[in-house]
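Comments concern the structure below.
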Amino acid sequence: MNRSEQILDAAEQCMRLKGFHQTSIQNIASQADVSIGLIYKYYKNKDAIIEALVTNVVQRMIALLNADFERIAHAGGVTHSVQDIVPPEVEHSIVLLMEVSSEATRNERIRQIMNDAWLVLKNNFIAQEQALNPALKADVINTRLHIISLVIDGMIIRRCMKQRDVPDGFMPFFDAITRDINQHDMA
């Protein structure tokens, strides 16, 4: 692992433990076991670290989602568990992005970083869906993604932040909604 990766890994660990606001350059330096000066050699400021961290997280999510996308698609689009909707590794990344997103309400640069990250994830999702379902239009896929994102974000908030499990009856309900959307798209 090179120094830049070491710093980003430390930043991710700090943010997971302390949150965005409680993570300082000093915390990152301590976690990475490097000097503050070395951090500034690689990154101009905390926003630059965040930008690189978000880029890494998004690339990691794309790799995980692309690997999982085909598995779920070949299962007929029917999900059997919450882990089918959001694999644990992806959920872990979404939680970190949610933490960073909290700063986007106050920091224009972070807002832009998060918007750019969302566009990369959205475009990847549309490309994957179109590869599997060439007849689907991008606007239909975008609507699906919007609905799925709302469900996923809600599940993660409920499970991770409120410490509540997803109710047992959720998966059949989610599958019914998915079938309805798919049937509507085919009409």
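The values are calculated or read from the model by the stated rules, or taken from the named source; none is laboratory data. These numbers were taken from a predicted model, which means no experiment stands behind them. Here the Cβ positions follow ideal geometry from the backbone for every residue, glycine too, while neighbour counts run over all protein chains shown. Please note that ligands, DNA and RNA were not included when accessible areas were found on the heavy atoms of the full protein model with its side chains. Shrake-Rupley method; radii C 1.70, N 1.55, O 1.52, S 1.80 Å.
For the reader, a short list of remarks on this structure follows.
- Summed over qualifying helices (DSSP H, 4 residues or more, each -39500 (n - 2.57)) and divided by its residue number, the chain shows a 222 nm mean residue ellipticity of -25000 deg cm²/dmol.
- Shape analysis of the chain yields a ratio of the Cα radius of gyration to the Kirkwood radius, Rg/Rh, of 1.02.
- Solvent exposure of the stretch 97-145 amounts to 55 Å² per residue of accessible area, where only protein heavy atoms count and the probe is 1.4 Å.
- When you filter the chymotrypsin sites (Phe, Trp or Tyr not before Pro) in the stretch 1-47 for DSSP loop state and at most 14 other Cβ atoms inside 10 Å of their Cβ, nothing is left.
- Accessible surface of the stretch 136-180, 1.4 Å probe: 59 percent of it comes from carbon and sulfur atoms.
- For the chain, with +1 on Lys and Arg beta carbons and -1 on Asp and Glu, the positive-most of Val151, Asn115, Ser24 along the dipole: Ser24
- Over all projection directions, the Cα-based convex hull of the stretch 80-171 averages an area of 6.8 nm².
- Signed unit charges on C-beta, dipole axis of the chain, positive-most listed residue Leu64, Ala11, Ala138: Ala11
- This model, with +1 at the C-beta of Lys and Arg and -1 at the C-beta of Asp and Glu, gives the stretch 93-140 a dipole about its Cα centre of some 60 debye.
- Reciprocal of mean inverse Cα separation for the stretch 8-71 (Kirkwood radius, Å): 12.6
- Computed magnitude of the charge dipole of the chain (debye, nearest 20; Cβ of K, R +1, Cβ of D, E -1): 520
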